[in-house]
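Report on one structure; see the data block that follows.
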Amino acid sequence: MADIYAFPTGVNPRQAGRDAAPDLPGRPAGVPDAVWDAVESVRSMPRFDDVRYREIPVPSTLSDYGIGVELESGPHGDGRGFPHDADPLTDAATGWIMMLYSNDFRSDWGAHWRCVAFARLPLSSVENDSLAPGMYWDDMCERMEGVMEGVECGSMGGTVTVTQNTTFGSLGDGDSAGCEMRVSFTPAVPTGVHFDAGAYVAAWARFLRSTIHFNEGATVD
């Protein structure tokens, strides 16, 4: 499966929109219009200045074409911004979202397009209880609601897993908790309407950063 979308190495993702189009990979031969329109929507989507974006490959066994974007949001220990060479994040929310496209209509999807997403979220000690999975699921639905294009949250499927790490011996008392979420759904794309894949990536980024509870005033480029 051809690579059809990328933030070039060394290019600030906030600058990798339409203005940077000449420096981005061109359209490979054979890529359907529906897929390339989705690629362009990701390239031109608004980006949070406190979220990192990076292309990831989509396994060729999942679909004929795919767009995969990895996301990362969280405070840096040194308080600096998010250049590519910044220090690692602390207490980060990370994840990815993939938009899968099948040349043939998939009866199991009910469409040509399918979305799958993953998130690994920090979890404070006061939130680490039986209510945490439902809390994160409801928050995700709320953040995604604006771009679901007629897809009811009840039609989404997924799992929410609360993780607990307990350290022993020389590792000290650095116990921590976390939450992992896996989601899949079929976006509603009316016939003749282009799939705004960028809106879904932006919504997933909005959800990830909402779990950090920091710098809520960060801007979107």
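Does Ala6 fit the bill of being part of a loop (DSSP other than H, G, I, E, B), surrounded by fewer than 17 Cβ atoms within 10 Å (Cβ to Cβ) and at pLDDT 75 or above? Let's see the steps before the verdict.
On the way: part of a loop (DSSP other than H, G, I, E, B): yes; surrounded by fewer than 17 Cβ atoms within 10 Å (Cβ to Cβ): yes; at pLDDT 75 or above: no.
When the stated conditions are applied, Ala6 does not pass them.
Filter segment 88-115 down to the residues that are under 24 Å from Phe48 (Cα atoms), in a loop (DSSP other than H, G, I, E, B) and open to solvent by less than 70 Å² (accessible area, probe 1.4 Å), then identify the one that is modelled with the highest pLDDT.
This residue is Ala92.
Exactly one of these conditions fails for Thr61: (1) at pLDDT below 90; (2) in contact with a helix residue (DSSP H, G or I) (Cβ under 8 Å, 6 or more places away or on another chain); (3) of a type in the set (Ser, Thr, Tyr). Give me its number.
Answer for Thr61: the failing condition is (2).
For segment 59-75, give me the residue count where each residue is assigned to a loop (DSSP other than H, G, I, E, B) and open to solvent by less than 20 Å² (accessible area, probe 1.4 Å). Working first, answer last.
Start the filter on segment 59-75 by keeping residues that are assigned to a loop (DSSP other than H, G, I, E, B), which leaves 59-64, 74-75.
Checking the rest, the ones that are also open to solvent by less than 20 Å² (accessible area, probe 1.4 Å) come to 63, 74.
Matching residues across segment 59-75 total 2.
If a residue must be aliphatic (A, V, I, L, M) and outside any loop (DSSP other than H, G, I, E, B), how many such residues does segment 29-58 contain?
Residues in segment 29-58 being aliphatic (A, V, I, L, M) and outside any loop (DSSP other than H, G, I, E, B): 6 in total.
Would you please name the residue that is farthest from Ala93 (Cα to Cα), looking only at residues in segment 148-174 that are modelled with pLDDT of 75 or more and hydrophobic (A, V, I, L, M, F, W, C)?
Top of the filtered list is Met156.
What are the pairs with Cβ atoms under 8 angstrom where one residue, in segment 121-146, is of a type in the set (A, V, I, L, M, F, W, C) and the other, located anywhere, is assigned to a loop (DSSP other than H, G, I, E, B) and at pLDDT below 80? Sequence gap at least six, or different chains.
Correct list of pairs: Met135/Glu127.
The values are calculated or read from the model by the stated rules, or taken from the named source; none is laboratory data. Keep in mind that this is a model prediction, so the values were computed, not measured. Glycine gets a Cβ as well: all are built from the backbone with ideal geometry, and neighbour counts include every protein chain shown. These accessible areas exclude ligands, DNA and RNA; they are computed on the full protein's heavy atoms, side chains included. Shrake-Rupley method; radii C 1.70, N 1.55, O 1.52, S 1.80 Å.
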